[in-house]
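The values are calculated or read from the model by the stated rules, or taken from the named source; none is laboratory data. Owing to the predicted nature of the structure, the values given are computational and were not obtained by experimental measurement. Every residue, glycine as well, gets a Cβ built from its backbone with ideal geometry; the counts of neighbours run over all protein chains shown.
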């Protein structure tokens with residue numbers, strides 16, 4: 001994280017730790033809302049009560065975007081990039097505009113979605129598709145072309161969903177009949193303790209609240225690597 005991201009993250013995290021210490025019961029939906037805010041900070045922005053985004057770090061200095069760009073340069077074949085928030089789409093589509101990425105997001109008409117999938121699966125010039133986690137999870141095959149250099153066997157989670165159903169369904173978009181070979185690669189961008197706890201909870205199919213929040217009081221302060229991504 002950049003300096004301002006790390007400061008915002010620590011402030012919100014400390015406030016939530018205080019809430020855990022002073023309240024006998026913290027509702028799951030409240031806990032998830034707190035995680036939502038921390039997740040936004042990790043991506044370089046935070047939404048206010050009216051849903052407007054306040055940018056914490058400009059895209060050209062955003063460590064998460066820089067990490068994504070580095071990964072995309074190293075991966076052979078096409079890539080599905082998963083995000084969650086509407087403003088994240090704006091960040092990603094702007095940062096990757098020279099690659100003309102396809103996209104699937106909420107509110108699209110069926111023919112629009114079909115055209116975007118066609119671009120990704122059939123056009124060798126279209127190397128990436130941006131998929132909103134809940135919009136992309138059912139009924140889409142995103143394998144790219146038959147040629148290995150145009151095929152897709154990699155999915156990057158720019159943001160992770162805390163829903164196990166959404167996560168597994170998203171993963172299935174590239175893990176299905178027609179996949180070349182047996183192996184697919186899933187990459188989670190993780191820059192904080194909570195990011196890692198969410199991924200571990202999904203891997204172990206644990207209850208998210210218990211896995212992510214029950215041990216926060218005992219968590220150590222931000223480690224060096226968490227302050228740099």
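Checking the condition modelled with pLDDT of 95 or more and either outside the structural domain of residue 72 (by TED's automatic domain parsing) or on the phi < 0 side of the Ramachandran plot (or both), which residue from 135, 146 passes?
Numbers: 146 fails: modelled with pLDDT of 95 or more.
One residue alone meets the criteria, 135.
Residue under question is residue 80, and the condition is that it be touching a strand residue (DSSP E or B) at 6+ places or on another chain (Cβ under 9 Å) and either in a loop (DSSP other than H, G, I, E, B) or assigned by TED's automatic domain parsing to the domain that holds residue 176 (or both); does it hold? Taking the combined requirement at face value, the residue satisfies it.
Return the total of residues in segment 72-98 being loosely packed, with under 13 Cβ neighbours inside 10 Å, touching a helix residue (DSSP H, G or I) at 6+ places or on another chain (Cβ under 9 Å) and over 29 Å from residue 36 (Cα atoms). So that I can check it myself, show each step before the final result.
Quick first cut of segment 72-98, residues loosely packed, with under 13 Cβ neighbours inside 10 Å only: 73-74, 76, 94, 97-98.
Now narrow it down to the ones that are touching a helix residue (DSSP H, G or I) at 6+ places or on another chain (Cβ under 9 Å): 76, 94.
Now drop any that are not over 29 Å from residue 36 (Cα atoms), which leaves 76.
Residues in segment 72-98 being loosely packed, with under 13 Cβ neighbours inside 10 Å, touching a helix residue (DSSP H, G or I) at 6+ places or on another chain (Cβ under 9 Å) and over 29 Å from residue 36 (Cα atoms): 1 in total.
Taken over segment 34-70, the criterion of being part of a helix (DSSP H, G or I), without any contact (Cβ under 8 Å) to a residue 12 or more places away in the chain and surrounded by 11 or more Cβ atoms within 10 Å (Cβ to Cβ) is satisfied by 36, 66. Each residue in segment 161-206 was checked for being under 13 Å from the mean Cα position of the chain (by Cα) and within 13 Å of residue 137 (Cα to Cα), and 6 pass.
Residues in segment 114-136 that are surrounded by 13 or more Cβ atoms within 10 Å (Cβ to Cβ), over 23 Å from residue 65 (Cα atoms) and in contact (Cβ under 8 Å) with a residue 24 or more places away in the chain: 117, 121.
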